[in-house]
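Below: the structure, in structure tokens.
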Amino acid sequence: MAKEKIEVDKLKFEKEELANGHVLIAGMDEVGRGPLAGPVCVSAVIMPLDDLIDGIDDSKKLSEKKRIALAEQIKEKAIAYSIAMVDEQTIDKINILEATKLCMVNALNGLSKKPDIVLVDAISKLATDIPVRGIVKGDSLSYSIGAASILAKVTRDEYMKKLAEEYPEYGFEKHKGYGTSEHIAVLKKIGPCIYHRLSFLKFLDEK
């Protein structure tokens, strides 16, 4: 018997917040918590909910070509959007979770319109007076968070490609700073550059 495909209503959480009287609903997501190099990147975006873009989803499920095309549409249609990054030195100083939360607050503060509530993938407590609703797997379940996920991913990927021009030996344009076997092999051979997160590289000291 064929498995029935279950369609997800990606406006479920937005509809709930509209019913609660929240008109301007932001989605927010981060990209880059796990890499060994490069910044963490967060996008916050307020999308119109009566003029949807087809194909919005968790950025990891989409091809690079699809993400880039969708990012342009998101920027064109967004009521407001903001993208923030927090660098490697700050990540090393305050840890990746706190750096991600800082980046989220910076992205929210960068919005040209203040949202009534922000839907966030997983994280539910931030240093902001804007109500925050954390949704597990929100980038797959919420249209607004999915849009933010795409903007953050495209922005960070482009940034890592630029770093690759400065440090071509690391292959940042291919792995975007993540700990692939190729990346780790180069690190063990020549060591880190200024864009590596030293707190993530303790394994280099292991014998």
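Every number in this text was worked out from the coordinates using simple rules, so none of it is lab data. All of these numbers come straight from a predicted model, not from anything done at the bench. Cβ: placed from backbone, ideal geometry, glycine included. Neighbour counts: every protein chain shown.
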Open item on the list: Anything in segment 93-122 that is β-branched (Val, Ile, Thr) and in contact (Cβ under 8 Å) with a residue 40 or more places away in the chain? List them, or say none.
Closed with: 96, 100, 117, 118, 120
Open item on the list: From the list 172, 203, exactly one residue is under 25 Å from residue 94 (Cβ atoms), aromatic (Phe, Trp, Tyr) and either touching a residue at least 40 places away in the same chain (Cβ under 8 Å) or surrounded by 20 or more Cβ atoms within 10 Å (Cβ to Cβ) (or both). Which is it?
Closed with: 172
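Collect the residues in segment 76-97 that are over 15 Å from the mean Cα position of the chain (by Cα) and either part of a strand (DSSP E or B) or among the acidic types (Asp, Glu) (or both), keeping them in residue-number order.
Start the filter on segment 76-97 by keeping residues that are over 15 Å from the mean Cα position of the chain (by Cα), which leaves 76-80, 88-95.
Result: 76, 80, 88, 92.
Are any residues in segment 47-68 surrounded by 15 or more Cβ atoms within 10 Å (Cβ to Cβ) and either over 17 Å from residue 27 (Cα atoms) or without any contact (Cβ under 8 Å) to a residue 24 or more places away in the chain (or both), and if so, which ones? Step through it out loud before you land on a result.
As a first pass, look at segment 47-68 and keep what is surrounded by 15 or more Cβ atoms within 10 Å (Cβ to Cβ): 47, 49, 53, 56-59, 62, 67-68.
Correct list: 62, 68.
Would you check if residue 149 is in a helix (DSSP H, G or I), surrounded by 17 or more Cβ atoms within 10 Å (Cβ to Cβ), touching an Asp or Glu at 6+ places or on another chain (Cβ under 7 Å) and not hydrophobic (A, V, I, L, M, F, W, C)?
On the way: in a helix (DSSP H, G or I): yes; surrounded by 17 or more Cβ atoms within 10 Å (Cβ to Cβ): yes; touching an Asp or Glu at 6+ places or on another chain (Cβ under 7 Å): yes; not hydrophobic (A, V, I, L, M, F, W, C): yes.
So residue 149 passes the test.
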